[in-house]
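Inspection log for the structure reproduced underneath, given as structure tokens.
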Amino acid sequence: MGIPLRTEEELVKLREACKLASDVLVMIEPYVKEGVTTGELDRICHDYMVNVQKVIPACLNYHGFPKATCISINEVVCHGIPSDDKKLKRGDIVNIDVTVIKDGYFGDNSKMYVVGETNIRSQKLVEAAQEALYVGLRTVKPGIRLNEIGKAVQKYTESQGFSVVREYCGHGVGTEFHCEPQVLHYYADDGGVVLKPGMVFTIEPMINAGKKEVRIMGDGWTVKTKDRSHSAQYACCYIDQVDSFIWQATLRDVLYGIIYSCFQHCIWQFNVMMRFVQWANTL
């Protein structure tokens, strides 16, 4: 089956679906804290999707998956099943993966959260996972080979001392949850695929603090690192050079930068004023 090329009307609907999925990730952030269960986080997300956004949680009942979100902690690479028996602990790193269906179109995003403070290695892993996504996004443009994305992601990830999971990849998205192309996050044969305008796909590198090998647990869904090292992932949809999740993260960073700059400027003005007062007192 060929790779779908979406019309402008479809791209509008896909952008909306992806924006809604990223909104869930923003909404849930204040609830990700020590002591909360992954089951409770899933219920909050489900309620928000169904009752506030009026969308369909795509994960729920997908090939029998029992929850509305995937929540993966520490050594869990992906597809963690939320549970009322699993409480978050200080230092945990957590991935929440959300896919919504809006008017028949899928929006797929995931994000990492840190519970309190974690160790230096895990914090670096989380930051590298986000940058690996950005590296992949910056690589994309019409006319390049598909495997250039994986080449760039792998090069960056390994330069940071981490490894890239091989068994799971990005994928096309549209009126289907998964379709062509398969977007590998390491350099490999891509069958000669060249990127064209209208292609829509996810980039979602899973990177491990240890070795790249993984194992599937007995529930048939949960994937863990074989060496029990921590794993991290960020995911988003690439839609014609527009990405709602990245837009939100970038806007927030810009606003924080403006606030910080204003704060620094106020401190500078205060220091100047105090020096003037000290000088005046000497007269």
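The values are calculated or read from the model by the stated rules, or taken from the named source; none is laboratory data. Remember, it's a predicted structure, so these values are computed and weren't measured experimentally. We place every Cβ from the backbone using ideal geometry, glycine too, and count neighbours over all the protein chains shown.
Points worth noting:
- Wholly within segment 137-242, strands (runs of 3 or more DSSP E) carrying at least 1 residues that are at pLDDT 95 or above and touching a strand residue (DSSP E or B) at 6+ places or on another chain (Cβ under 8 Å): 170-172, 179-183, 200-203, 206-208, 214-216, 223-225, 231-233
- Only one entry of GLY35, GLY91, GLY2, GLY80 meets the criterion of being under 16 Å from the mean Cα position of the chain (by Cα) and not in a helix (DSSP H, G or I), and that entry is GLY80.
- Subset of segment 166-188 (residues that are among the small types (Gly, Ala, Ser) and farther than 17 Å from LYS212 by Cβ): GLY172, GLY174
- For segment 195-206, the condition of being touching a residue at least 24 places away in the same chain (Cβ under 8 Å) and exposed (fewer than 15 other Cβ atoms within 10 Å of the Cβ) holds for at least one residue.
- Restricting segment 131-177 to residues that are charged (D, E, K, R) and touching a residue at least 40 places away in the same chain (Cβ under 8 Å), the residue that is surrounded by the fewest Cβ atoms within 10 Å (Cβ to Cβ): LYS141
- Sub-7 Å Cβ pairs linking a first residue in segment 93-117 that is closer than 27 Å to GLU34 by Cβ to a second residue that is hydroxyl-bearing (Ser, Thr, Tyr) and assigned to a strand (DSSP E or B), at least 6 apart or interchain, are VAL94/TYR113; ASN95/SER72; ASN95/SER110; ILE96/SER110; ILE96/TYR113; ASP97/SER110; VAL98/SER110, ordered by first then second residue.
- The number of residues in segment 29-43 being over 16 Å from HIS79 (Cβ atoms) and buried (at least 18 other Cβ atoms within 10 Å of the Cβ) comes to 1.
- Enumeration of residues in segment 1-41 that are within 19 Å of GLN53 (Cα to Cα), in contact with a Leu (Cβ under 9 Å, 6 or more places away or on another chain) and touching a residue at least 60 places away in the same chain (Cβ under 8 Å): ILE28
- Residue in segment 35-45 that is small (Gly, Ala, Ser) and under 21 Å from GLY91 (Cβ atoms) present: yes
- So VAL115, is it under 20 Å from GLY80 (Cβ atoms) and surrounded by 24 or more Cβ atoms within 10 Å (Cβ to Cβ): no
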